[in-house]
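Single-structure report; data block below.
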Amino acid sequence: MASLTLSQIEKTLGTTPILRGIDLDVTDGELVVLVGPSGCGKSTLLRTIAGLELPDRGTVKIGERDVTHLAPRERDVAMVFQSYALYPHLSVRENLAFGLRLRGETSEAISARIADVAQSLGLEKLLERLPKQLSGGQRQRVAMGRAIARRPSLFLFDEPLSNLDAALRGEVRVEIKKLHAKLGATMVYVTHDQVEAMTLADKLVVLRAGRVEQIGPPLEVYKHPASRFVASFLGTPGMGFLPARAGGGRVKAEGVDVALPDGLAAHEGDVVLGVRPHDVRLLPNKTKGALQLTVDVVEAMGFEAYAHGHIGGKPFVARLEGDAQTGVRPGDVVGLDVEADGVHLFDPKSEVALTAPPARTKGAA
Amino acid sequence: MSAPSSQRAHGRALLAELGVHLLVLLAVVFALYPVLWVVALALSPGDAPEPRVLPFASHPSLEHFAAVLGVGAGSEAGGGWLFGRQLLNSVLVSASTAIVAVALATPAAYALARFDFVGAKEGERALLATQMFPGVAASIPLYLILDALGLLDTRTGLVLVYATTAVPFAIFQLRGAFAAIPKDLEEAAMVDGATRFGAFLRVVLPVVRPALAVTALFAFMTAWNEFVLAATFLSREETFTLPVVLQRYVGEYDARWGRFAAGAILVSLPVMGLFYALQRNLVRGLSAGGVKG
Ligand SMILES: Nc1ncnc2c1ncn2[C@@H]1O[C@H](COP(=O)(O)OP(=O)(O)OP(=O)(O)O)[C@@H](O)[C@H]1O
Ligand SMILES: [Mg+2]
């Protein structure tokens, strides 16, 4: 096992800068999840760590070794590809053995390792099959097994679950979590599935257009998004954004009159108010609330419901729980209260989250 | 659905099926008719075949085969020895062409499929251009070159000549096969501990094996059947390849059709055998299943 340190990684492919100065520390045994929209450079970053891409600038360190200029095979990393990349001409057993043979392990050691991995991933009955004789989920497990059998100092996963159906994805996600706990391995995991990101990560890294937008424990990032981008990226349904004016400890707009919590109360001027569907509470009997939502559609999920509608012309979704869902109909205008820690403010221009009072106000006071 | 209408539908389907089979049968007969004629000629004794519609030998005999192989009555001077020698020429020339073509084309095709390098596009276009000339067009310069090298009338010379067309063709075939292999496979191998060349040897080559086999087969067949260049560059009977031998049976003054036909059948047998042996490769997908489809 080992730590991983990236400093100031830059990479241009063709003429487009793909990575624009990435710094990242992964401590020994940590599971770091990289998330970000398609094309933001997640795979490129992972490939840079693996040695499949040479960065234009910056360094990659695994443990105390600077591996920036080492070939992939000299880095002692294992990678699980989105496509699984199983060797089609080799049986499952030979796929698992491939890396071990190249490392010159004895054949007894290899057999023992394969038996061990096959047992822990439930591959015993599949060992003599060719990849084309496996289902998607089985191929995925072989790909994982091939990485685990190697016992590398660093695991890299590039969207390993994206080709599985939803149920299987849920299962394997839990397995990976267990595996991480059992192996205590350092892992970098790329996904754009936010459930995977939230549930797996010790540390979440949100990438945007080749830059790190925010790093932190997943709940921290979820609760205190550093920008509108991060806020909109995490959480389903997504956070609602309402342009409004702050002043006198409140934010106001058409259908909006929200008291600002202590930390934000000093803000003045144009802001964007962000509220998650889960941070509102439906008021009974159409009482006027902090938010006035005009309901267009109600989605009942059984245990809860989502009321999709708009506030002052901007789309907004509210989660309804318990009995509340039965009473709300399309066309209704309902009052919502907002939890104090559910109030987020963003600068309308820079889209950065507003936290402490802006400097200008401080100076004037 | 009512019973009569379902019966009618069934009847119609049967008729359609019959029609299709009839068409296929016609096509097969059309394609095989000349072949059957050759068989009939080969089995008919004498050298003056009477024209008829149905290609059957009335008194089948193996005399022409015996004559070609140089055993029994009416065989050539030199007999079996000569035919054996010529068969060996054909095998050696064709096999060498196939080996040279695949050996040279494999690295070239891989480079073209995987790497971006200066001149890649131009090189490919140049290769394509060579394919547009019929080989015969180059026969005179080739003759002069072989003469200068002292390679006229040799198997080596003929292999070199065949390679000039077989190599570019093989490059095209294999380039497609290499391009179809997902890059992930090689990268996985490199992360797993292989060098680039190791990944090529252990993963890429085994995966394209069917394509290599097919390419080799085509190169072999083309060389095996080639007549014009062989006839141009070979003048001594001991260096002849089989197509040249065959042609000699149908000379200017006498046409020994029976022998020609028997020889033609003997010449096609090895190719048929190869096709049969490699047919699984001909249809097999290249990288089925390794990467999620
Ligand atoms: N060889 C290349 N030449 C030029 N641009 C490239 C090349 N390869 C990738 N790109 C671009 O680099 C960007 C980042 O690609 P990358 O594969 O890292 O994205 P990603 O974050 O993994 O996206 P996804 O979630 O879709 O997998 C993309 O915009 C892509 O178009
Ligand atoms: Mg990707």
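The values are calculated or read from the model by the stated rules, or taken from the named source; none is laboratory data. Computed from a predicted model, the values in this text were never measured in an experiment. Reconstructed Cβ throughout: ideal geometry from the backbone, glycine too, with neighbour counts over all protein chains shown.
Which of the residues belonging to segment A:154-199 are in contact with an Asp or Glu (Cβ under 8 Å, 6 or more places away or on another chain) and among the hydrophobic types (A, V, I, L, M, F, W, C)? Once the filter is applied, which keeps residues that are in contact with an Asp or Glu (Cβ under 8 Å, 6 or more places away or on another chain) and among the hydrophobic types (A, V, I, L, M, F, W, C), segment A:154-199 yields A:Leu154, A:Leu161, A:Met187, A:Val190. Could you check segment A:54-86 and list, in sequence order, the residues that are within 16 Å of ligand 2 (Cβ to nearest atom), over 22 Å from A:Leu183 (Cα atoms) and either part of a helix (DSSP H, G or I) or within 23 Å of the chain's Cα centre (by Cα) (or both)? Answer for segment A:54-86, where residues must be within 16 Å of ligand 2 (Cβ to nearest atom), over 22 Å from A:Leu183 (Cα atoms) and either part of a helix (DSSP H, G or I) or within 23 Å of the chain's Cα centre (by Cα) (or both): just A:Ser83. Selection of segment A:22-47 for residues being surrounded by 15 or more Cβ atoms within 10 Å (Cβ to Cβ) and either of a type in the set (D, E, K, R) or within 14 Å of chain B (Cβ to nearest Cβ) (or both) yields A:Glu30, A:Lys42, A:Ser43, A:Thr44, A:Leu46, A:Arg47. Quick check on A:Pro152: is it away from ligand 1 (no atom under 16 Å from the Cβ), part of a loop (DSSP other than H, G, I, E, B) and in contact with a strand residue (DSSP E or B) (Cβ under 8 Å, 6 or more places away or on another chain)? So A:Pro152 passes the test.
Identify all residues within segment A:177-226 that are of a type in the set (Ser, Thr, Tyr) and within 16 Å of ligand 2 (Cβ to nearest atom); write none if there are none. Outline the logic, then answer.
Applying the first criterion (of a type in the set (Ser, Thr, Tyr)) to segment A:177-226 yields A:186, A:189, A:191, A:199, A:222.
Scanning segment A:177-226 gives A:Tyr189, A:Thr191.
If you scan segment A:179-207, which residues turn out to be of a type in the set (Lys, Arg) and within 20 Å of A:Val60 (Cα to Cα)? Matches in segment A:179-207: A:Lys203 only. Looking at (1) away from chain A (no Cβ under 14 Å); (2) modelled with pLDDT under 90, which is the only condition B:Ser287 fails? Only one criterion is unmet by B:Ser287, namely (1).
Let's see how each residue does on (1) away from ligand 1 (no atom under 16 Å from the Cβ); (2) charged (D, E, K, R); (3) within 20 Å of A:Arg173 (Cα to Cα); (4) outside the structural domain of A:Leu45 (by TED's automatic domain parsing):
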site	(1), (2), (3), (4)
A:Leu200	yes, no, yes, no
A:Ile215	yes, no, no, no
A:Leu219	yes, no, yes, no
A:Val230	no, no, no, yes
A:Leu242	yes, no, no, yes
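Residues that are surrounded by 14 or more Cβ atoms within 10 Å (Cβ to Cβ) and over 16 Å from A:Gly51 (Cβ atoms) were ranked within segment A:8-21; the one that is nearest to ligand 2 (Cβ to nearest atom) is A:Ile18.
Would you mind finding the one in A:Leu154, A:Leu127, A:Leu96, A:Leu86 that is surrounded by fewer than 23 Cβ atoms within 10 Å (Cβ to Cβ) and either modelled with pLDDT of 95 or more or within 11 Å of another protein chain (Cβ to nearest Cβ) (or both)? Can you show your working first?
Working: A:Leu154 fails: surrounded by fewer than 23 Cβ atoms within 10 Å (Cβ to Cβ); A:Leu96 fails: surrounded by fewer than 23 Cβ atoms within 10 Å (Cβ to Cβ); A:Leu86 fails: surrounded by fewer than 23 Cβ atoms within 10 Å (Cβ to Cβ).
Just one listed residue meets the conditions, A:Leu127.
For segment A:48-67, filtered to residues that are crowded, with 20+ Cβ neighbours inside 10 Å and away from ligand 1 (no atom under 16 Å from the Cβ), the residue that is nearest to B:Lys183 (Cα to Cα) is A:Val67.
What number of residues in segment B:35-58 are at pLDDT 80 or above and more than 11 Å from B:Ala261 (Cα to Cα)? Walk me through how you get there before you give the answer.
Keep residues of segment B:35-58 that are at pLDDT 80 or above, which gives B:35-45.
Checking which are more than 11 Å from B:Ala261 (Cα to Cα) leaves us with B:45.
Count: 1.
The single condition among (1) more than 14 Å from chain A (Cβ to nearest Cβ); (2) under 25 Å from the mean Cα position of the chain (by Cα) that B:Ala177 does not meet is (1).
Confirm whether A:Lys132 is basic (Lys, Arg), outside any loop (DSSP other than H, G, I, E, B) and more than 10 Å from chain B (Cβ to nearest Cβ).
Numbers: basic (Lys, Arg): yes; outside any loop (DSSP other than H, G, I, E, B): yes; more than 10 Å from chain B (Cβ to nearest Cβ): no.
Here the answer is no, as A:Lys132 does not meet what is asked.
Residue count for segment A:188-229, restricted to those that are touching a residue at least 40 places away in the same chain (Cβ under 8 Å) and either among the hydrophobic types (A, V, I, L, M, F, W, C) or at positive phi (or both): 15. Taking the condition without any contact (Cβ under 8 Å) to a residue 12 or more places away in the chain and either assigned by TED's automatic domain parsing to the domain that holds B:Thr222 or charged (D, E, K, R) (or both), does B:Pro134 pass? Considered against the rule, which asks whether it is without any contact (Cβ under 8 Å) to a residue 12 or more places away in the chain and either assigned by TED's automatic domain parsing to the domain that holds B:Thr222 or charged (D, E, K, R) (or both), B:Pro134 comes out as yes. Regarding A:Leu291, is this residue under 25 Å from A:Arg329 (Cβ atoms), surrounded by 15 or more Cβ atoms within 10 Å (Cβ to Cβ) and among the aliphatic types (A, V, I, L, M)? When the stated conditions are applied, A:Leu291 passes them. Regarding A:Leu70, is this residue crowded, with 21+ Cβ neighbours inside 10 Å and closer than 20 Å to A:Val188 by Cα? Spelling it out, it is not the case that A:Leu70 is crowded, with 21+ Cβ neighbours inside 10 Å and closer than 20 Å to A:Val188 by Cα. Name the pairs: first residue in segment A:167-187 and in the same structural domain as A:Gly145 (by TED's automatic domain parsing), second residue surrounded by fewer than 15 Cβ atoms within 10 Å (Cβ to Cβ) and at pLDDT 90 or above, Cβ to Cβ under 7 Å, at least 6 apart or on different chains? Pairs found: A:Thr186/A:Asp28.
Looking at segment A:171-192 only, could you name the residues that are within 16 Å of ligand 1 (Cβ to nearest atom) and either surrounded by fewer than 22 Cβ atoms within 10 Å (Cβ to Cβ) or aliphatic (A, V, I, L, M) (or both)? Break it down stepwise before answering.
Of segment A:171-192, the ones within 16 Å of ligand 1 (Cβ to nearest atom) are A:188-192.
Once the filter is applied, which keeps residues that are within 16 Å of ligand 1 (Cβ to nearest atom) and either surrounded by fewer than 22 Cβ atoms within 10 Å (Cβ to Cβ) or aliphatic (A, V, I, L, M) (or both), segment A:171-192 yields A:Val188, A:Val190, A:His192.
Screening segment A:34-53 for residues that are assigned to a loop (DSSP other than H, G, I, E, B) and over 19 Å from the mean Cα position of the chain (by Cα) and picking the one that is farthest from ligand 2 (Cβ to nearest atom) gives A:Gly51.
Name every residue in segment B:187-216 that is within 9 Å of chain A (Cβ to nearest Cβ) and touching a residue at least 24 places away in the same chain (Cβ under 8 Å), in order of residue number. Quick ask: steps written out before the conclusion?
Taking segment B:187-216 first, the residues within 9 Å of chain A (Cβ to nearest Cβ) are B:187-196, B:198, B:202-203, B:206-207, B:209.
Passing the criteria: B:Val207, B:Arg209.
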